[in-house]
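K.L.:
Provided herewith is a single structure, encoded as structure tokens, for subsequent inquiry.
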Amino acid sequence: MPAITVPPGVEGLASLTELPDATWLDRWDRIFLPVAQKDRLLDYVLFSLRHRGRVSQVGLPIHGLIVLSGPPGTGKTTLAGGVADQAARTLDDGPLLFVDIDPHVFPSQMLGESQRAVARLFERTLPDLASRGRPVVVLLDEVEALAVSRNRASLETNPVDVHRATDAVLSGVDRVARAWPNVTFIATTNYRAGVDAAFLSRADLIEEIATPGPEAIRSILADTLIELSEGAAHDEAALSRVAASCAEFGLDARQVRKLVLRAVCSRRELALHPETIQVADVAEALRSEQEAGALPVPAGP
Ligand SMILES: Nc1ncnc2c1ncn2[C@@H]1O[C@H](COP(=O)(O)OP(=O)(O)O)[C@@H](O)[C@H]1O
Ligand SMILES: [Mg+2]
């Protein structure tokens, strides 16, 4: 299903998509994280979308906000879409609306403007979308740009405006969450210390998404190789060795996949016939990255 066109003049919406969408399955299936963590995330979104409107806010205070926090390149943004797609499949009662907010359009604006833009988003745009009666998942990606910590912002050049914008986000999330139980917010952050404490305290769940360990890296490498050479058998022991080295260097999941790309682009015949790639090519790419000083020094014991 194609993404819905964002109406002109609506600021702050990066995209609108109706889910489930077959092309979004990868965003869940090919993001490797502990199974229990993915389950917890999906269960939360299912409960929130289906039951939040029925429970008393006193009996079970649930805000409709989950935060995915962790280093860049660990799958937070991708997984936010993936979990929404899975929820749409599981609920199976018509399309779910996935709303991707682009936080970077706000703080750069003139004094007072960002606060007004945030207010418009929460007072008009999101209620309009929610009033269609469908379940809605709103992604507040890189929320540190939107709900800037008021402590830290006091050092910035434009603190008053930033404070007001943060206030507008907090009251906006509160208002939308209260008035529209069909809406669930998923926020991501690469920099938890930069997110306002009051925003974090509203979260029903904060999931720490970690840099992958050797086992996860092994799965990611194998999955990336399958992308290029479906069905080809790869040297299992060699795969484990490369995965262990990647983990020692502290590569994040995105860097692991890019390492395979580096390997493909390192030789003309591989660039032309990537299906012939071997684990040894990836090991070689890691070695040359290391020699070029492009990798962090491995953490000591
Ligand atoms: N845990 C993971 N497992 C597999 N691939 C991943 C994982 N995390 C990231 N990736 C790869 O990196 C890409 C970018 O991830 P992204 O969701 O933007 O990370 P983040 O939002 O945490 O910075 C993904 O599309 C995927 O190819
Ligand atoms: Mg991201």
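The values are calculated or read from the model by the stated rules, or taken from the named source; none is laboratory data. This one's a predicted model, so the numbers in the text were calculated from it and none came from an experiment. Here Cβ is always computed from backbone atoms with ideal geometry, including for glycine, and neighbour counts include all displayed protein chains. Each accessible area value is taken on the protein alone, full model and side chains, heavy atoms only, with ligands, DNA and RNA left out. Shrake-Rupley method; radii C 1.70, N 1.55, O 1.52, S 1.80 Å.
K.L.:
What does the charge count near T17 come to, summing +1 for each Lys or Arg and -1 for each Asp or Glu among other residues with Cβ under 13 Å from its Cβ?
P.N.:
Value of the local net charge: -2.
K.L.:
While we're on this one: Using a 1.4 angstrom probe on the protein heavy atoms only, could you order H234, H51 from most to least accessible area?
P.N.:
Sorted descending by solvent-accessible area, the residues read H51, H234.
K.L.:
Separation between the A233 and A14 pseudo-spin-labels, each 7 Å from Cα along Cα→Cβ, expressed in nm?
P.N.:
According to this spin-label approximation, the distance is 4.2 nm.
K.L.:
Additional query: Would you tell me the accessible area of E236, worked out with a 1.4 angstrom probe on the heavy atoms of the protein chains, in Å² to the nearest 10?
P.N.:
Surface open to solvent at E236 totals about 100 Å².
K.L.:
Ignoring ligands and nucleic acids, what accessible area does D235 show with a 1.4 Å probe (Å², nearest 10)?
P.N.:
Answer for D235: close to 90 Å² accessible.
K.L.:
Order the following by accessible area, largest value first: C246, C265. Probe radius 1.4 Å; ligands, DNA and RNA are ignored.
P.N.:
C265, C246
K.L.:
What nm distance separates the two modelled labels at L205 and Q290, each placed 7 Å from Cα along Cα→Cβ?
P.N.:
Calculated label separation equals 3.8 nm.
K.L.:
Now for a separate question. Which FRET efficiency value, to the nearest 0.05, do you get for R268 and E215 by plugging their Cβ-Cβ distance into 1/(1 + (r/R0)^6) with R0 = 45 Å?
P.N.:
0.85
K.L.:
Next question, about the same structure. So what's the back-of-envelope 222 nm ellipticity for the chain, counting only DSSP H runs of four-plus at -39500 (n - 2.57) apiece and dividing by all residues, rounded to 500?
P.N.:
The helix contribution divided over the chain gives -14000 deg cm²/dmol.
K.L.:
Right, next: Ignoring trypsin sites (Lys or Arg not before Pro) that are buried or in helix or strand per DSSP, and keeping those with at most 15 other beta carbon atoms within 10 Å, what is the longest stretch of the chain between them?
P.N.:
133-266
K.L.:
Same structure, new question: Please arrange E275, E113, E289 by accessible surface area, largest first, computed with a 1.4 Å probe and ligands excluded.
P.N.:
Of E275, E113, E289, the descending order of accessible area is E275, E113, E289.
K.L.:
Roughly what would the spin-label model give for R116 and A197, points 7 Å off Cα along C-beta, in nm?
P.N.:
Between R116 and A197, the label points sit 3.3 nm apart.
K.L.:
Can you give the percent of C-alpha pairs in the chain whose distance is more than 37 Å?
P.N.:
So the pairs more than 37 Å apart make up 25 percent of the total in the chain.
K.L.:
Under the 0.36 nm per residue contour assumption, what length would be gained going from the current alpha-carbon distance of S171 and Q57 to full extension?
P.N.:
Result for the pair: 39.4 nm of gain on full extension.
K.L.:
Given a 1.4 Å probe and the protein chains all in place, what does the accessible area of V55 round to, in Å² to the nearest 10?
P.N.:
The accessible area comes out at roughly 40 Å².
K.L.:
While we're here: Calculate the length of the line joining the C-alpha centroid of the stretch 13-64 to that of the stretch 224-255, in whole Å.
P.N.:
Going from one Cα centre to the other spans 29 Å.
K.L.:
Specify the residue with the greatest mean-square fluctuation among Q290, Q115, Q278, computed from a Gaussian network of the chain linking alpha-carbon atoms under 10 Å apart.
P.N.:
Q290
K.L.:
Sticking with this structure for a sec: Once you have the alpha carbon radius of gyration of the stretch 214-290, what is it after dividing by 2.2 N^0.38 Å, with N set to its residue count?
P.N.:
The reported ratio for this selection is 0.97.
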